[in-house]
Each structure stands twice: as C-alpha cells, then as structure tokens.
Amino acid sequence: MTNTNAPLSAVSWDEGERALRLLDQRALPAEERFILCHTVEEAAQSIEDMTVRGAPAIGIAAAYGVVLAADAGREAVRSALDRLARTRPTAVNLFAALGRMRRRLDIADGPLLVALLEEARSIHREDVEGNRRLGAFGAKLLPDKAVVLTHCNAGAIATGGHGTALGVLRSAREAGKSIKVYADETRPLFQGARLTAWELNRDGFDVTVIAEGMAGALMRRTKIDAVIVGADRIARNGDTANKIGTYGLSVLAAAHGAPFYVAAPWSTFDLSAASGVDIPIEERSEEEMRLLPDGRRVPDDVRVWNPAFDVTPAENIAAIITERGVFRLPYDFA
Ligand code: MRU
C-alpha cells in the first residue's frame, strides 16, 4: 500500500471555533472522529481519559488548553495551569509545556489570547521540527530491510506530528529504507494494537501486531534489528519511563542482542530527576485492567495492579535519539 494520506494532526487549534481540536484516540481504529474542547475542564478531562495521549501530544494539548482560559483573564489562566498540571503525572512534556505557558503569561503585556496562542503554537511547531530532526538521526541507525519492534504508540498521533519512535521509522523510509514493523499490542489499553497498527497501516508500512508476551518468542525466531520506543520522562542518568512493558522488552532485547533505542524530544528530559527513582509513575483505575477486551472481567474479589509506566534502566538502552543528536552511555545531557 502506498501512502496517499495527508499527515495526521491529532492536536490542533481550531481558529473558527476558538477551541482545542482533538482526534479522539479512544475511538480508534473503529472510528476517526474529532472532538472540540471549548473549556479548560474539557481539555483536562480529555487528557485524563486519554482522548489525547502520548507525552508530547499531552503537552501540546495542555498548552492549547491554557489558551481556552485567556479571555477570562490572568487569574483564570493561573487556575487553568494548575488544573491541567493535575491530569497525568508521568509525562514531563506536560509540565514543560505548562512552564512555558506560565512564563509567557508572566511577560505578556498585550492581549493574553494572542500571546498564549503564539506560545502554544510555538510548542506545537517545535515538537514537529524536533521529531523530524530526531527522525533523521535515528534513521541512520537502521539498516535497509530493518525488522523493528515497537511498544505502545510513539507516533504522529502521540506528538505534534511525524512521531518519535515511529518518526524514526518514517524518516528511515523517506531515506529509501524498507522497514518491517512488529507492534506490541500494549496491555491494558492497546495503544499498539489499536493506534500504532492503525497509524502505520494508514501510511503503508508492513506492520504485524503481537501480544507483548510473544516478544521473546519473536526474538528467538526472527532477527530483530532494533527495538525502538518513545519515552514519557528521561532522568539525568538516562533511566527512562515509558509505557508499562517497556522495561521487560529491554531485558528481552539484551538477551537476544537486539539494540534497544529510545527516541524522544528534549521536552521529555527531566534533568532535575537524578534517576528513575525520582520519576512519578501514574497508577490508573483498576477498571482498565478488570475489563477484558471481549467484555469478560477479572473476578471482582481478585486484586489488580495497573501502573501505566515502568522505568527502563539506562544500562539497558543502546542509545537515546533526540533532536540534539544520539546519546550513548555514559549519558551526559548537560
Ligand atoms: O499512556 P500513554 O498512551 O499516554 O503512554 C504513551 C507512551 O508511553 C509513549 O510511548 C510515550 O508517551 C511517547 S509518545 C511519543
């Protein structure tokens, strides 16, 4: 299949409606529908319920979410910043974006809407530009006819556009390389089976979905040239928080000699966190784990645990691909 589709824009500002426009990622792949958020509360709830998800996309959505308070004045904007900061704790891009919006608020002397919208648009534009740059760095690490395994969705819809892990694959293909992708289904919310499979298939990639429990068997059977994942927060020592299941994949990759790459923009780095121990890990509702895909349930009197992220230790990571270049152990991000 060739790619005849327009680039995806999962997050944008709708000028006519003066609203945040989001691709509803909960409905994919069955339905491609967009929703409009007219209030800060709607924007915050869309981040919490994962209408919009993926670290950079959350940051961009939150930035536009702040703009929704601009007409109500400075105090309302400050409340918006506080509300949006309480949505999801792990992806540091959210806090980086809100920090930029707060600083812009502090120096704005003209109409707030103009200043805040300009800042949100810059955050959005810089994310896409960064992904294109990191994609070009990452593409050089992949051979032609590469077989790649990815986890969760670190694609165009998880970012301002192009994607991080999937951006590397897109850039490799633009450079003339052919890429075969295996996508972990990614329990419990199936970002791999629903979103990565949909996004890559839409772009004409050769993509095969596996349950993450199958990754070991796949690696024994098939040479995996690279495992590439995104990130939600990277500590100063290179420890990386990403979707639950990433750590296990890094251990399997080491056992099978497959290079394990993290692709992430600079907005995902938290240099105030010395190591992974300092990264807050979101725990989501039990219900997400109890409800099985076919509608059956885990028995009500059995406990479930539902951390949304895990931390991959720096030593399991062959390289961290950023728009500033490719970093390897010992990491020095200063
Ligand atoms: O819970 P999610 O779907 O927001 O988690 C997303 C991930 O873990 C992604 O891998 C990460 O945010 C990078 S997206 C470019």
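The values are calculated or read from the model by the stated rules, or taken from the named source; none is laboratory data. Source: prediction; values computed, not measured. Here the Cβ positions follow ideal geometry from the backbone for every residue, glycine too, while neighbour counts run over all protein chains shown.
State which residue is nearest to Pro89 (Cα to Cα) when the search covers only segment 286-314 and only residues that are out of contact with any strand residue (DSSP E or B) (no Cβ under 8 Å at 6 or more places or on another chain) and in contact (Cβ under 8 Å) with a residue 60 or more places away in the chain.
Checking each candidate, the answer is Glu288.
Given the conditions (1) within 15 Å of the ligand (Cβ to nearest atom); (2) modelled with pLDDT under 95, and given that Ala6 satisfies all but one, which numbered condition is not satisfied?
All conditions pass for Ala6, except number (1).
Quick one: how many residues across segment 168-181 are within 11 Å of Thr150 (Cβ to Cβ) and buried (at least 23 other Cβ atoms within 10 Å of the Cβ)?
Qualifying residue count, segment 168-181: 3.
In segment 24-43, is there at least one residue being of a type in the set (D, E, K, R), surrounded by fewer than 24 Cβ atoms within 10 Å (Cβ to Cβ), in contact (Cβ under 8 Å) with a residue 40 or more places away in the chain and within 16 Å of the ligand (Cβ to nearest atom)?
No, segment 24-43 contains no residue that is of a type in the set (D, E, K, R), surrounded by fewer than 24 Cβ atoms within 10 Å (Cβ to Cβ), in contact (Cβ under 8 Å) with a residue 40 or more places away in the chain and within 16 Å of the ligand (Cβ to nearest atom).
Residues that are touching a Pro at 6+ places or on another chain (Cβ under 8 Å), of a type in the set (Ser, Thr, Tyr) and within 16 Å of the ligand (Cβ to nearest atom): does segment 268-279 have at least one?
yes
Could you list all residues from segment 228-249 that are on the phi < 0 side of the Ramachandran plot and of a type outside the set (A, V, I, L, M)?
Gly230, Asp232, Arg233, Arg236, Asn237, Asp239, Thr240, Asn242, Lys243, Thr246, Tyr247, Gly248, listed by residue number.
Kindly establish whether Thr90 is within 16 Å of the ligand (Cβ to nearest atom), assigned by TED's automatic domain parsing to the domain that holds Asp239 and among the polar types (S, T, N, Q).
Considered against the rule, which asks whether it is within 16 Å of the ligand (Cβ to nearest atom), assigned by TED's automatic domain parsing to the domain that holds Asp239 and among the polar types (S, T, N, Q), Thr90 comes out as no.
List the pairs whose first member sits in segment 101-122 and is crowded, with 16+ Cβ neighbours inside 10 Å, whose second member is in a helix (DSSP H, G or I) and among the aromatic types (Phe, Trp, Tyr), and whose Cβ atoms are under 6 Å apart, counting only residues at least 6 apart or on separate chains?
Ala120/Tyr64
Among the residues of segment 44-64, how many are within 16 Å of the ligand (Cβ to nearest atom) and in contact with a strand residue (DSSP E or B) (Cβ under 7 Å, 6 or more places away or on another chain)?
6
With the checklist (1) more than 30 Å from Gly161 (Cβ to Cβ); (2) in contact with a Lys or Arg (Cβ under 8 Å, 6 or more places away or on another chain); (3) among the small types (Gly, Ala, Ser); (4) in contact (Cβ under 8 Å) with a residue 40 or more places away in the chain in hand, flag the one item Ala254 doesn't pass.
(2)
Given segment 180-274, what strands (runs of 3 or more DSSP E) lie entirely inside it while holding 1 or more residues that are hydroxyl-bearing (Ser, Thr, Tyr) and at pLDDT 95 or above?
206-210, 240-243, 260-263
Yes/no per residue for (1) assigned to a helix (DSSP H, G or I); (2) within 16 Å of the ligand (Cβ to nearest atom):
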| residue | (1), (2) |
| --- | --- |
| Leu134 | yes, yes |
| Val148 | no, yes |
| Ala154 | no, yes |
| His162 | no, yes |
| Lys177 | no, no |
